[in-house]
Amino acid sequence: MRKKIFNIIGCILIVFSILCFLYPEISSVSDNVRSDKVITDIQKYPKKKKALLYQKASKYNQKIYESGQNELKDVWSYRSTPIKLTKGQKTFGYVQIPKMKVKLPLYLGATMENLRKGAAIMGQTSLPLGQVNGNCVIAAHRGYQGIPYFRDIERLKIGDKVYLRNPWKKMKYRVQKIQIIDPYDTDKIKIKKGKDMITLLTCHPYRGHGKYRYLVYCIRDHGQKIKNETKKASFLSSEKDIEKENFMRYIGLFMVCLVGFGMILRRRR
């Protein structure tokens, strides 16, 4: 009986360690499924409903542009919901970043609840409609409970592609500039006149409570040449910390599996 119990415990340890190791990948697949479902649901909307939503979003974008985004002051403004979505609609589409291997649903308002579920469009910044005089700032955690989200943002280089799907169309942007700023430097995320932009935002560094903000500015891809505007920053890269964390995952998986197999083999002898 004891032999059987040890075998069961050993098997449980092996399965548990494998599931823990694969959790980020499983979560990423889940995000992709949710993002695809968002678009499937949107495609079912009547044309009239989508047209009204577009008018509402366009009116909001014009309002914040003309006001100079004077309400963009602090964390509370980031969390505000730009517009109220139609009944049954939970997201505004998705953002897809091939270089980072992520595809995340876009929620409105950078609240803690929304950031736990995916990426969020910050309040008092533009909704992504593909219009000039717009800068949609998309925030996401630098990893959350094992889920990558924007953890690997430092993989992005000038010219890399970022795709955004809203309720009406899919748009392509390219990375133009990368910068690290203070969290309260709101001028750095404001609309640039005459430009159609999205800005990816997350904490930096990966360790150390992320007291700065890592920004990736992207402009609409119309086939134009992208000029490298990246400024050399005095901040250390987080890539080694992320590599170390991944390495420890492998070591942890190996050790737990070793213990599990050891318990099974020991009782069989």
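For the reader, a short list of remarks on this structure follows.
- Only listed residue being in contact (Cβ under 8 Å) with a residue 40 or more places away in the chain, over 22 Å from Ala140 (Cβ atoms) and among the charged types (D, E, K, R), chosen from Lys87, Lys59, Lys50, Lys101: Lys50
- Qualifying positions in segment 44-77 - exposed (fewer than 13 other Cβ atoms within 10 Å of the Cβ), among the polar types (S, T, N, Q) and either assigned to a helix (DSSP H, G or I) or under 25 Å from the mean Cα position of the chain (by Cα) (or both): Gln55
- Residue in segment 150-169 that is acidic (Asp, Glu) and surrounded by fewer than 17 Cβ atoms within 10 Å (Cβ to Cβ) present: no
- Checked against (1) out of contact with any helix residue (DSSP H, G or I) (no Cβ under 7 Å at 6 or more places or on another chain); (2) at pLDDT below 90, Met197 passes all but a single condition, namely (2).
- Residue check for Asp187: free of Cβ contacts under 8 Å to residues at least 24 places away in the same chain, out of contact with any Ser or Thr (no Cβ under 8 Å at 6 or more places or on another chain) and among the acidic types (Asp, Glu): yes
- Qualifying residue in segment 125-140 (condition: in a helix (DSSP H, G or I) and either hydrophobic (A, V, I, L, M, F, W, C) or surrounded by fewer than 18 Cβ atoms within 10 Å (Cβ to Cβ) (or both)): no
- Complete set of residues in segment 141-172 that are in a strand (DSSP E or B) and either in contact with a helix residue (DSSP H, G or I) (Cβ under 6 Å, 6 or more places away or on another chain) or not β-branched (Val, Ile, Thr) (or both): Tyr144, Ile147, Lys161, Tyr163, Leu164, Arg165, Lys170, Met171, Lys172
The values are calculated or read from the model by the stated rules, or taken from the named source; none is laboratory data. Small disclaimer: the values here were computed from a predicted structure and weren't measured. Cβ: placed from backbone, ideal geometry, glycine included. Neighbour counts: every protein chain shown.
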